[in-house]
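Written below as structure tokens is the structure these notes are about.
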Amino acid sequence: MVLNWVWIAFFVTACTTAVVRWWLGEAEIFTALLKALFDGARSGFEISLGLAGVMALWLGLMRVGERAGMVTLLAQMAGPLLRRLFPGVPQAHPAQGAMTMNISANLLGLDNAATPLGLNAMRELQTLNREPEGTASDAQIMFVVMNTAGLTLIPTSVIAIRQSVALQQGLGAGFNAADIFLPTLLVTFVSLLAGVLAVAVAQRLPLWRARLLFPLLAVGGLLAGAVTLLARLPADQAAHIAGTTGAAAILGVVLLFIVAGAWRRVNVYEAFVDGAKEGFGVAIQIVPYLIAILVAVGVFRAAGCMDALLGAIGTAVAWMGLDTAFLPALPVGLMKVLSGAGARGLMIDVLQTHGVDSFAGRLAAIIQGSTETTFYVLAVYFGSVGVRNTRHALACALWADAVGLVAAIGVGYAMLR
């Protein structure tokens, strides 16, 4: 129901704003909204169509892993933590293995692998869903919120964009495009923790029990150790190591599934084809959900509502006498909730306007690398299993986004200013 009212609000606000702008003499505003409407519909279909091949690949590999018993093994390894965060998921259930692989892919910054693995995990979680038809289960909500506040070790795509813009601006070899990786990691951890705690409070999970805290502390300790080791290296070298390690890890899992299947006399090729057949169906199923979100976001932007919102925030910040140096980067954070491509474009605009090595430029890169496209994730993940009532998922995800944005600004002032 929450997502329903948000969707309606996007359209009503955009159309009302367009009428006012037309009355003030902007005759082309309705044309701009209509163009945004059709562009959003086309983008939704193109994204879904492009996802079909990737979904076929990963669902096929996951089917091989299931028949080889490797998904069950992964679920057992991640069991101590997942059992506390997902008490409704039985031990060694295939959903645990799928969630483990999705979280690992997110951690390593492998978006192309994380999305289909996450969709497969949602399908496994749907088999355990005891809520009324079309309603999200507690486990699905926790999993989706963890994805909207996904933890990424090093934002390799953002680093690559910064390096490209730096070359355009004539910065020499001394420029370090990967100097944002540690601030980005801190912000993503804060955002993820905020999202998990919000869902845990809503679902009344026993956060104070050692059985939940110890696994979280263990994961945090491993993460801190990895950060410490990488922080001792030059940042560009650390980015290269993390990217190479991530790619090698995923390829290693693929090879492990295939070899384990062959060892257990599984017909690997047949298993892969059986799983891949489902990929196209899943991609087609999310088309209406994705189009619904993209057209709403598109008209909201085209009507100028986002610009008006940013102007109001800037006025309020200046009125309170606070430093406004972060304002040029703020649109990236607000847009990232709605559109990943739009936020990327805004980040590049900030880098080109203010300089890739400026405070605003670095802060924009941190925000881009540490946040997720919340409405896109909600639409795709819940849409893949036909869930329409997302319950408290949107509120918890937006809370994690807000905490992450504030944390990015705070970390930026602490480490970059």
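The values are calculated or read from the model by the stated rules, or taken from the named source; none is laboratory data. Bear in mind that the values here come from a model prediction, so they are computed numbers and not experimental data. For neighbour counting, all protein chains shown are included, and Cβ atoms are generated from backbone atoms with ideal geometry for every residue, glycine included.
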Check your understanding: Would you call Arg391 charged (D, E, K, R) and over 25 Å from Glu46 (Cβ atoms)?
Key -> yes
Review point. Is the range 341-358 home to any residue that is within 14 Å of the chain's Cα centre (by Cα) and aliphatic (A, V, I, L, M)?
Key: yes
Study note, to complete from the structure: All-but-one check, His354 against (1) surrounded by fewer than 19 Cβ atoms within 10 Å (Cβ to Cβ); (2) under 19 Å from Leu192 (Cβ atoms); (3) touching a Pro at 6+ places or on another chain (Cβ under 7 Å), failing number (2)
Exercise for review: Quick one: in the range 367-397, of everything that is β-branched (Val, Ile, Thr) and over 14 Å from the mean Cα position of the chain (by Cα), which residue is surrounded by the fewest Cβ atoms within 10 Å (Cβ to Cβ)?
Suggested key: Val385
Review point. Do any residues in the range 292-310 that are at positive phi and part of a helix (DSSP H, G or I) have Cβ atoms under 7 Å from those of residues that are surrounded by fewer than 20 Cβ atoms within 10 Å (Cβ to Cβ) and not hydrophobic (A, V, I, L, M, F, W, C), where the two are at least six apart or on different chains, and which pairs are they?
Key: none
Review point. Quick check, is Val273 in contact with a Gly (Cβ under 9 Å, 6 or more places away or on another chain), buried (at least 16 other Cβ atoms within 10 Å of the Cβ) and touching a residue at least 24 places away in the same chain (Cβ under 8 Å)?
Key: no
Study note, to complete from the structure: Checked the range 64-93 for anything among the basic types (Lys, Arg) and modelled with pLDDT of 80 or more; matches are Arg67
Review point. Does any residue of the range 42-55 turn out to be of a type in the set (D, E, K, R), surrounded by fewer than 22 Cβ atoms within 10 Å (Cβ to Cβ), in contact with a Gly (Cβ under 8 Å, 6 or more places away or on another chain) and modelled with pLDDT of 70 or more?
Key: no
Practice item. Test Thr188 against the stated conditions and say whether it is under 23 Å from the mean Cα position of the chain (by Cα), crowded, with 16+ Cβ neighbours inside 10 Å and at pLDDT 75 or above. Key: yes
Practice item. Quick one: Thr315 ticks every box in (1) within 30 Å of Thr127 (Cα to Cα); (2) free of Cβ contacts under 8 Å to residues at least 12 places away in the same chain; (3) among the polar types (S, T, N, Q) except a single one, so which number is it? Key: (1)
Practice item. For Gly333, indicate whether it is closer than 30 Å to Val19 by Cβ and part of a helix (DSSP H, G or I). Key: yes
Revision key, fill the gap. Flagged pairs (Cβ under 7 angstrom, 6 or more apart or on separate chains; first in the range 398-417, under 22 Å from Phe375 (Cβ atoms) and surrounded by 15 or more Cβ atoms within 10 Å (Cβ to Cβ); second at pLDDT below 80 and aliphatic (A, V, I, L, M)) are Ala400/Ala149; Gly404/Ala149
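Listed here are the residues, each with its yes/no results for (1) among the basic types (Lys, Arg); (2) touching a strand residue (DSSP E or B) at 6+ places or on another chain (Cβ under 9 Å); (3) modelled with pLDDT of 80 or more; (4) farther than 20 Å from Leu182 by Cα.
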{"position": "Met320", "(1), (2), (3), (4)": "no, no, yes, yes"}
{"position": "Ala325", "(1), (2), (3), (4)": "no, no, no, yes"}
{"position": "Pro328", "(1), (2), (3), (4)": "no, no, yes, yes"}
{"position": "Leu338", "(1), (2), (3), (4)": "no, no, no, yes"}
{"position": "Asp349", "(1), (2), (3), (4)": "no, no, no, yes"}
{"position": "Asp357", "(1), (2), (3), (4)": "no, no, yes, no"}
{"position": "Ala360", "(1), (2), (3), (4)": "no, no, yes, no"}
{"position": "Ala364", "(1), (2), (3), (4)": "no, no, yes, no"}
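One line per residue, one yes/no per condition, for (1) of a type in the set (Val, Ile, Thr); (2) within 30 Å of Gly275 (Cα to Cα); (3) in contact (Cβ under 8 Å) with a residue 24 or more places away in the chain:
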site	(1), (2), (3)
Ala9	no, no, no
Val19	yes, no, no
Leu24	no, no, no
Phe30	no, no, no
Ala36	no, no, yes
Ala41	no, yes, yes
Ser48	no, yes, yes
Leu57	no, yes, yes
Point to revise | Extreme residue, surrounded by the most Cβ atoms within 10 Å (Cβ to Cβ), among residues of the range 1-29 that are at pLDDT below 85 and assigned to a loop (DSSP other than H, G, I, E, B) | key: Met1
Check your understanding: What number goes with the only condition from (1) part of a helix (DSSP H, G or I); (2) closer than 28 Å to Leu125 by Cβ that Ala407 does not pass?
Key -> (2)
